[in-house]
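Here's the structure, in structure tokens; my notes come after.
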Amino acid sequence: MTTEKTAIRDAATVVVLRDRATRPSILMGQRGAKAAFMPNKFVFPGGAVDAADAEVPFATPLSDLCRSRLAEDTERDLSHALAAAAIRELWEETGQVLGLAGHWPGPVPPAWIKFAATGNCPNAAALQFVFRAITPPGRPRRFDARFFLLDAGDLTSDPDDFSTASDELSHLQWVPLDEVRQFDLPFITEVVLAEISARVNDTTPPVSVPFFRNDDEESLFLRLKGRAQID
């Protein structure tokens, strides 16, 4: 008898960084106790890509560097859809808006109607692709997650107002980087946090992006664009 493999879904996660020059903090929330994926854990906002995300118009596009890294080691270029998913999930789960004032040039997808009602179009240029990880085998859900770093100064919303957030994440809060490991975190979140901590004083997109790849046969820590990491 063979065990059916869990399908891997493409996903986007957003690490919003605030107060870089003073006491850096990041936006996190807690998943519910009954959640199928990472129950009770404190996580960054994020989720799976929707089909409509690929058609969402941007006020400003991703940087060429980020698009190039996102397109590497993948069967098709999902850079646009991933950036859109990051902005949509940030909005849905926290009520925070990453956009620029403007009117949508066509019909608004249902999942984006409330975002469009804020008077903004998505601002993908503010996102920096900084990490990629595939959920290990044996989990009830598996994701090929791309992590984007975002400076809170690029938000058009009040960073302390979570009144329009969904109930998917509770206890939304800005967590100082020097206190974050006191929270119940997934392993991969701790790995990503190490990368973010190293980038607090660097506001440019990384040329080389870490890729924690968990296949059925082996786990590899790679870099996009680069070779297998051996240090």
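The values are calculated or read from the model by the stated rules, or taken from the named source; none is laboratory data. Please read these numbers as outputs of a predicted model, since none were measured by experiment. Please note: Cβ atoms are built from the backbone with ideal geometry, for glycine as well, and neighbour counts cover all protein chains shown.
So here's what we get for this one:
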quantity	calculated
Of the criteria (1) touching a Pro at 6+ places or on another chain (Cβ under 6 Å); (2) at pLDDT 95 or above; (3) in a helix (DSSP H, G or I), which one ALA52 fails	(2)
Unmet requirement for GLN173, which otherwise passes all of (1) surrounded by 22 or more Cβ atoms within 10 Å (Cβ to Cβ); (2) modelled with pLDDT of 95 or more; (3) polar (S, T, N, Q)	(1)
Evaluation of TRP104 against (1) within 30 Å of PRO210 (Cβ to Cβ); (2) surrounded by 14 or more Cβ atoms within 10 Å (Cβ to Cβ) (one fails), failing number	(1)
Failed item in (1) buried (at least 17 other Cβ atoms within 10 Å of the Cβ); (2) under 17 Å from THR13 (Cα atoms), with ALA48 passing the rest	(1)
Which listed residue is at positive phi, at pLDDT 95 or above and of a type outside the set (Val, Ile, Thr), from GLY99, GLY95	GLY95
Matching option when the condition is within 18 Å of SER157 (Cβ to Cβ), among the basic types (Lys, Arg) and surrounded by 20 or more Cβ atoms within 10 Å (Cβ to Cβ), among ARG88, ARG69	ARG88
Restricting region 196-213 to residues that are charged (D, E, K, R) and either more than 17 Å from ARG18 (Cβ to Cβ) or more than 17 Å from the chain's Cα centre (by Cα) (or both), the residue that is modelled with the lowest pLDDT	ARG213
Hits in region 109-120 - residues which are buried (at least 17 other Cβ atoms within 10 Å of the Cβ) and either over 23 Å from VAL43 (Cβ atoms) or in contact with a Gly (Cβ under 9 Å, 6 or more places away or on another chain) (or both)	PRO109, PHE115, ALA116, ASN120
Test: residue in region 87-108 that is in a helix (DSSP H, G or I), free of Cβ contacts under 8 Å to residues at least 40 places away in the same chain and over 18 Å from VAL16 (Cα atoms)	no
